[in-house]
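Report on one structure; see the data block that follows.
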Amino acid sequence: MPTVNINEPDNANIPKTGMGGLVQHIMYLVRENRAVRDRQYKYMWDQFERTFRGLYSGSDRTRAGERSRLVAPALAAAIESTAATIEDAIFSRERWFDIADDVLDERPDDMQAAWRILAEDFEQASVPDAIAKVVLNGCLYGTGIGKINITRREIRSFENGEVTREFRPLVTLEAIPPWEFVIDSQARDIQSAYFVAHETHVPRNVVWSRIKKGVYRNVPILSNTASTTASPAGEETPDGARKSDEYDGSVFVTEYYGLVPAAMLKGVAEVNAEDVQGNGHVEVIVTIANELHVLRAVVNPFAMKDRPIVAYQHSYSPGKFWGRGVAEKGWNAQRGLDAELRARMDALGLLTSPMMGADITRLPKNPDMKVRPGKLWLTRGRPSEVLEPIILGNIDPNTFNQSSEMERLVQVGTGAIESNAPLNVDRRNETASGISMIQSSALKRTRRTMWNIERQFLNPFIKKAVHRYMQFSKQRYPKDFDFVVKGTMGVVAREFEQAQLIGLLSNIPPDSPQYNVILQSIIELSTSPKRDEILARIAEMNKPDPQQQQMQQEMQALQLEQLREQVNEAKLENEKTKAEIAKLVAEEAQIRKFTDLEDEKVSIQAANTVIGREKVKATFEQNRIAARKVEVDAKKPKSEGGKKK
């Protein structure tokens with residue numbers, strides 16, 4: 001199969017090169033993807049903005065006979081409550097962001113110095129205000145988008161009583177509403193998209209100033225009006241601020257950030273070999289005025305070759321770049337609440353402005369039928385027979401409960417649950433534990449949104465801002481490009497954590513060392529304007545009194561001396577006890593020896609006694625034998641004795 005060289009203009013479907021071909025190529029992409037975006041989201045975004053601002057439009061009518069134009073503030077309150085919660089979670093602490101150096105860096109302290117400078121530059125560039133606007137757009141439309149600009153601004157300050165002037169680069173953040181942002185319709189994120197574009201109306205003097213400074217090319221911008229400028233310069237905005245036949249003197253500027261075929265940049269911008277990607281495209285930044293003239297066309301000049309756009313989804317919409325906001329989540333309940341309130345107001349109009357029925361044959365010619373106090377009714381006959389008020393009935397009191405239920409559904413759908421529903425509707429509002437359950441449920445959903453903001457918006461923005469400062473303000477920032485960004489996710493549930501600490505504090509005695517630590521943590525989590533003063537007082541209370549500290553040291557010395565004396569006494573007592581034990585051992589040995597001798601004597605005496613007994617027995621036996629012998633001798637015949645003589 002033959003290969004195709006996509007660098008060739010014919011193969012890349014390039015009609016022509018040069019400025020005209022570049023404009024034609026870019027505006028074709030922008031218009032087509034803008035049409036896809038508007039077809040899917042523009043009508044919905046217009047509805048959200050009108051509801052948020054309390055504006056009524058005929059397209060928002062819930063029924064044909066609707067006359068009331070009330071717009072309930074429930075959804076707008078939920079949007080503002082969610083935005084306020086997120087802003088408070090981000091900026092409640094002075095150090096709302098942090099940057100840490102990479103592990104392999106031999107000088108980890110350089111990033112801490114860079115953090116202090118970066119925080120000062122962010123305040124100088126009003127970055128927190130821009131982040132708050134992006135968050136509000138995310139809550140309202142579902143996607144928060146910001147554009148990172150690098151400008152050279154004059155900084156004035158007082159030094160030694162004199163005003164000093166300094167020109168230095170500043171990184172600013174610009175909040176972009178969704179109808180001014182165009183992205184590749186098949187993209188899921190900024191970096192993987194073929195292109196992204198920002199379309200906005202810029203005052204004519206700003207364009208002239210940039211042309212004079214050489215930032216923009218000198219092109220004709222005076223002959224274009226709103227009636228001749230291509231769409232969407234003449235389109236109506238959601239609040240009707242600009243009509244299609246009006247011209248406010250602005251220039252419609254399209255800033256394109258994306259890829260273009262390298263062959264189209266011939267004679268337009270300098271392209272190096274390393275700028276061309278494997279598909280034959282180059283990442284460029286192109287600015288177009290009134291969709292006709294190229295003001296600027298450059299290859300991406302940033303060191304990291306990233307796009308100066310950051311965006312986040314308030315809530316994920318699977319497979320899409322555009323997310324779901326608070327307004328979309330609570331839209332159906334808001335519509336039901338508006339229908340309920342408008343129907344009630346229409347019914348009240350029928351009751352408070354009574355209708356009259358009259359016998360036309362008995363009224364004077366051309367009667368004035370308007371009802372007003374003190375009016376004189378002229379009739380041909382009794383007025384009670386000619387005129388009769390027509391009453392259509394009363395308003396059902398259950399509509400109050402229905403309205404409260406719709407308001408509760410708005411809160412449930414958006415996650416901005418508050419304890420403002422009537423007690424007869426939501427019984428959880430009666431107890432502190434019920435309100436705590438409401439807050440814990442809301443915090444879970446807010447925490448999920450905060451993770452999106454931190455991962456998709458804050459961390460990429462801070463990283464890109466530091467990269468730009470390192471590139472364009474090398475004197476103020478270190479040249480180390482390896483660092484880690486840390487967000488502020490840990491402070492989302494501050495109120496909930498504070499309530500837990502207060503409950504824990506009630507179970508700890510005031511004289512405990514942990515009491516002051518927990519008390520200090522509670523104050524640190526608060527938003528009181530006197531928080532720093534209270535913390536300073538607590539720290540001062542925790543500091544020991546010098547006299548008391550000296551007395552405590554003396555007491556400790558005395559206690560130590562007493563302990564030493566007690567130890568010495570214990571040693572002496574131990575030695576005495578050892579001596580007594582040795583004496584007892586010796587006495588016991590002597591007693592044992594004496595006892596052994598006595599035992600031997602007793603044994604000898606016992607043996608002598610036994611021998612004596614045996615001798616006595618032997619003597620007794622001898623005496624018995626002798627006596628027997630005597631008796632035998634005595635019984636012998638006397639004759640024998642006589643003859644013998």
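The values are calculated or read from the model by the stated rules, or taken from the named source; none is laboratory data. Values in this document were obtained by computation on a predicted structure and should not be read as measured data. Don't worry about glycine lacking a Cβ; one is built from the backbone with ideal geometry, like all the others, and counts go over all protein chains shown. When the accessible area is computed, the model is the full protein with side chains, heavy atoms only, and any ligands, DNA or RNA have been set aside. Shrake-Rupley method; radii C 1.70, N 1.55, O 1.52, S 1.80 Å.
Ordering of 193-203, 362-372 by packing is 193-203, 362-372, highest average first (other Cβ atoms within 10 Å, averaged per residue). Accessible surface for region 315-386, divided over its residues, is 62 Å² per residue with a 1.4 Å probe. For region 255-368, the share of accessible area belonging to carbon and sulfur comes to 55 percent (1.4 Å probe, ligands and nucleic acids excluded). Packing-based ranking of 44-55, 340-351 yields 44-55, 340-351, ordered from highest to lowest mean Cβ neighbour count within 10 Å. A cut-off of 5 Å between modelled amide H atoms, ignoring neighbours fewer than 5 places along the same chain, links Arg168 with Arg153, Ile155.
Taking other residues whose beta carbon is less than 12 angstrom from the beta carbon of Val36, and scoring Lys, Arg as +1 and Asp, Glu as -1, yields +3. Amide hydrogen proximity for Ile176: with H placed 1.01 Å from N in the peptide plane, the residues at 5 or more positions away or on another chain lying under 5 Å are Ile145, Gly146, Lys147.
Say the cut-off is 19 Å between C-alpha atoms; which of Lys42/Lys329; Lys147/Lys463; Lys133/Lys213; Lys305/Lys463 go over it? Checking Cα-Cα distances, Lys133/Lys213 exceed 19 Å. Using the average count of surrounding beta-carbon atoms within 10 Å as a protection proxy, the listed peptides 579-590, 161-172 rank, highest first, as 161-172, 579-590. Computed with a 1.4 Å probe over protein heavy atoms only, the accessible surface of region 540-613 comes to 96 Å² per residue.
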